[in-house]
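Accompanying notes for the structure given below.
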Amino acid sequence: MEITAAVVKEKGSDFKLEKVRLDKPASEEVLVKIVATGICHTDMVARDFVMGAPGFPVILGHEGAGIIESVGEDVHHLKAGDHVVLTYGFCGECEVCRTGNSPYCYEFFQRNFSGARVDGSHNHHDHDGKPINHNFFSQSSFATYAIAHKNNVIQVPNEAPLEILGPLGCGIQTGAGAVINTLKIKVGSSIVISGTGAVGLAAVMAAKASSATTIIAVDINQQRLDFSKELGATHTINSLNENVVERIKAILPNGVQYGVDTTGRNDVINNTLASFAPVGELAVIGVATRPMELETNIFLTKGYKIKFVNQGDSVPQEFIPKLIKMYQNGQFPFNKLIKTYPFEEINQAVEDSEKGRTIKSVLRIGEYNA
Ligand SMILES: NC(=O)c1ccc[n+]([C@@H]2O[C@H](COP(=O)([O-])OP(=O)(O)OC[C@H]3O[C@@H](n4cnc5c(N)ncnc54)[C@H](O)[C@@H]3O)[C@@H](O)[C@H]2O)c1
Ligand SMILES: [Zn+2]
Ligand SMILES: [Zn+2]
């Protein structure tokens, strides 16, 4: 069939909407009519070939939500018409997946970043028959239709608003999961969250929903810091003009118990560690552009734990429906982060995300009757 997809032709270039040929889904695949797709910082990282880049030309997009059009013959738990959110790819069969750690699947690279199916074949081609890299996060959902694997297609309730659910598949589950699944923060605890983009603000909302009583947001964007207070931050620190460690020690003389880093910056991570109470625990989420250096000799006697976290340690079949229920109960208002754009305005939506004007851009792609 012919679809319209946003293609990145070369490193760092704009997204171009083009007609692309899409094959039928293979036996374990699912064809999804995309209703909306979120834009995540990781799409830009791949566009710029920093990390996890499949090569070019490529179709990115990994926060898709839509309606199943058809399923391959070995897909039995999903059917045409189901409302779904697409998440990251994993095999579901290796020992890591089987023990509830699917974000660290042995095949994570092949299923999310290789630009092709695991067997190396392609299901997207241009009109000359040349393959286009695809299968980004087992979906490539900057397109009117996407093909996903049965494992990364998560059924959601029909009454949930499909046009905003896509970001649950990556950015939102990442931030919320770091708090709920990784750190499992305790009621009445304290946490510092560095970076208040979509991932950091999802962490702020999850900390509030988990009854943390001190939630400190750190950023260099004052508007985002102000907004974080609406979502549950009890204190904000603008690190452009305030000393983070001194401020945290003034708020919590014994130090802060938990940290989430979404900046990937060495100085920010060291500030968090220097602000910790003994046995503090840090979840590192942000993609870094350089290797990290840590004051290990100072931290050795403190018993700190650092965990590098992919996808909020989420088992998506279980965690995404949970987040939807929290949203429906008013405990997780992630809709407040979202601004929608027509698919044709993808480059504007990307620019607004990169400039910090929009927290979570979502592209409206196909129609559906709510
Ligand atoms: N590990 C994962 O599974 C996973 C999943 C999704 C996203 N990510 C990564 O998480 C990161 C955050 O994603 P996002 O969509 O929220 O991005 P974002 O760019 O919207 O947010 C990052 C925030 O960090 C702030 N920041 C920059 N420099 C800072 C500094 N020196 N001190 C404090 N704050 C600073 C920015 O102002 C911004 O608000 C990205 O690196 C993204 O690639 C990781
Ligand atoms: Zn696996
Ligand atoms: Zn992402």
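Computed over neighbours whose Cβ is under 14 Å from that of Glu159, the net charge equals -1, Lys and Arg +1, Asp and Glu -1.
Residues whose amide H lies under 5 Å from that of Ile193, counting only those 5 or more places away or on a different chain, are Ile216, Ala217, Val218, Val260; hydrogens are built 1.01 Å from N in the peptide plane. The dipole here belongs to the chain: it is taken about the Cα centre, uses +1 on the Cβ of Lys and Arg and -1 on the Cβ of Asp and Glu, and is about 920 debye.
With the helix formula -39500 (n - 2.57) applied to DSSP H stretches of n ≥ 4, the chain reaches a computed 222 nm mean residue ellipticity of -6500 deg cm²/dmol. One way to sum up the overall shape of the chain is the equivalent ellipsoid from its Cα gyration tensor, whose semi-axes run 35, 20, 20 Å, largest first. Each Cα pair under 8 Å and six or more residues apart adds its separation to the average, and for the stretch 172-310 the resulting relative contact order is 22 percent. Surface calculation, 1.4 Å probe, protein heavy atoms: Leu252 sits at approximately 30 Å² accessible. Taken as Cα centroids, the stretch 289-333 and the stretch 1-57 sit 27 Å apart, rounded to the nearest whole angstrom.
The values are calculated or read from the model by the stated rules, or taken from the named source; none is laboratory data. This one's a predicted model, so the numbers in the text were calculated from it and none came from an experiment. All Cβ positions, even for glycine, are placed from backbone atoms using ideal geometry, and neighbour counts span all protein chains on display. What goes into the accessible areas is simple: the full protein's heavy atoms, side chains included, and nothing from ligands, DNA or RNA. Shrake-Rupley method; radii C 1.70, N 1.55, O 1.52, S 1.80 Å.
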